[in-house]
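Contents: one structure, followed by commentary.
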Amino acid sequence: MDKRQRAQYIRDRLEQLYPVTKIPLDHRDPYTLLVAVVLSAQCTDKKVNEVTPQLFALADTPAAMARLPVEEIQAMIRPLGLAPQKAKAISGLSRILIARHAGRVPEDFAELEALPGVGHKTASVVMSQAFGHPAFPVDTHIHRLAQRWGLTSGRNVAQTERDLKQLFPPDSWNLLHLRIIFYGREHCTARGCDGTVCEICRMCFPRRRQPVAIKRA
C-alpha cells in the first residue's frame, strides 16, 4: 500500500470498528467540555471523569467557577496532578469568559487559544466536539499511531496534524481523531504494540519485522 491507500484503509476500518464515537470526557456543554479538556493534560480521561462530577456539582458555569476560591478548585482536582496550574487556569479562563465573552465559550480558534491553559490541541477539541467545526486534535498518542501507520514523518504534533489533514477529507476529521484514540487505547497501545502487532499495523506493513522508532512529539 502507498500512503493514500493506507489512509483509506485505516479510515474505513476504524469506521467499521467504531461506528459510534462518544466523546470520552463527560461534559454537559461547551464550557464543561473546555474545563474537562484542560484537566486532561498529562492525565487519563478516566481520572478526569472521576473528578468532574464533584467539581461541576459546585460550578458548571463560568460565573459559578469564578466565585470559587482557586484553593477550593485545586483541592477538588488534586488527584489529577498539576492541580495548582490547572486550578489557576480554570479560574482565570472563567473570569475572562465573563469579562470578554458574556460568559460563553467563544467559537473561534484564536479566542480559545488566548484563554489560560488552552493550547491548540484543546482549542481543536472544543471547536470540533462542542461546535462541530472540522478540526483534527493531535496529541502524543495520535502522533505515535500516525508514525506507526506511515501517515507522517513529522517530528512533532504540529507537523503530524498538517500531514493528517492533507490525507483525510475535512468532513472526516472530527470522528476520525476519536476513532484513532479508541483504537490506540484498545489495540495499538504504547506498550502493547510496537508497530508489528495490531491488525492495522500488520495490514499496512505486512513485511515489517522491526519495531517502529517513534520520533519525539
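Based on alpha-carbon atoms only, what is the radius of gyration of the stretch 169-217 relative to the globular estimate 2.2 N^0.38 Å?
Normalised Cα radius of gyration, the stretch 169-217: 1.27.
Note on ILE23 and ARG155: the model spin-label points, each 7 Å out from Cα along the C-beta direction, lie 3.5 nm apart. Per-residue 3J(HN,Hα) values for the stretch 36-47, derived from phi via the Karplus relation 6.51 cos²θ - 1.76 cosθ + 1.60 with θ = phi - 60°, read 4, 5, 4, 5, 7, 4, 6, 8, 7, 4, 4, 5 Hz in sequence order (x marks Gly and Pro).
Each 5 Å bin from zero holds the following percent of Cα-Cα pairs in the stretch 136-214: 3, 17, 28, 26, 19, 7, 1. Here the Karplus curve 6.51 cos²θ - 1.76 cosθ + 1.60, taken at θ = phi - 60°, turns the phi angles of the stretch 128-138 into couplings of 7, 8, 8, 10, x, 7, x, 7, 10, x, 10 Hz, with x standing for Gly and Pro. By a 1.4 Å probe calculation restricted to protein chains, MET127 has an accessible surface near 10 Å², given to the nearest 10. Evaluated at q = 0.14, 0.20 Å⁻¹, the base-10 log of the normalised Debye intensity for the stretch 63-178, with identical point scatterers placed on the Cα atoms, takes the values -0.69, -1.05. In this label model, LYS88 and ARG162 are separated by 3.2 nm, measuring between points 7 Å along each Cα→Cβ vector.
When Rg and the Kirkwood Rh are both derived from Cα coordinates, the Rg/Rh ratio for the stretch 81-139 amounts to 0.98. Could you sort out which of LYS22/LYS88; LYS46/LYS165; LYS47/LYS121; LYS88/LYS215; LYS47/LYS165 sit more than 21 Å apart by Cα distance in this structure? Going by Cα-Cα distance, LYS22/LYS88; LYS46/LYS165; LYS88/LYS215; LYS47/LYS165 fall outside the 21 Å limit.
Can you sort TYR183, TYR18 by 1.4 Å-probe accessible area, starting with the largest?
Result of the area sort, largest leading: TYR18, TYR183.
Cα to Cα, under 18 Å, and not fewer than 8 places away if on the same chain: which aspartates and glutamates meet these conditions relative to LYS3? Result set, ordered by chain and number: ASP12, GLU161, ASP163, GLU199.
When the trypsin sites (Lys or Arg not before Pro) in the stretch 91-174 are filtered for DSSP coil states and for at most 14 other beta-carbon atoms within 10 Å of their beta-carbon, the remaining sites are ARG104, ARG155.
If R0 equals 45 Å, the separation of the Cβ atoms of GLU107 and ARG207 corresponds to a calculated FRET efficiency of about 0.45. By its C-alpha gyration tensor, with a ≥ b ≥ c as the square roots of the eigenvalues, how is the stretch 1-87 shaped: rounded for a/c under 1.5, else prolate for a/b larger than b/c, else oblate? Prolate.
Let me check against my output: what whole-number percent is the relative contact order of the stretch 107-217, with C-alpha pairs under 8 Å and at least 6 apart? Over the stretch 107-217, the number comes to 25 percent. For the chain, the relative contact order works out to 19 percent when only alpha carbon pairs closer than 8 Å and six or more residues apart are counted. A Förster distance of 35 Å, applied to the separation of the beta-carbon atoms of HIS133 and LEU58, puts the FRET efficiency at 0.70. The spacing between the stretch 79-128 and the stretch 1-33, judged by their C-alpha centroids, is 24 Å. Note on GLN8 and ARG191: their simple-model spin labels are 3.9 nm apart, each label 7 Å out from Cα toward Cβ.
The values are calculated or read from the model by the stated rules, or taken from the named source; none is laboratory data. As the structure is a prediction and not an experimental result, all values here were calculated from the model. Counting neighbours? That spans all protein chains shown, and the Cβs are built from the backbone with ideal geometry, glycine included. SASA here: full protein model, heavy atoms, side chains in, ligands and nucleic acids out. Shrake-Rupley method; radii C 1.70, N 1.55, O 1.52, S 1.80 Å.
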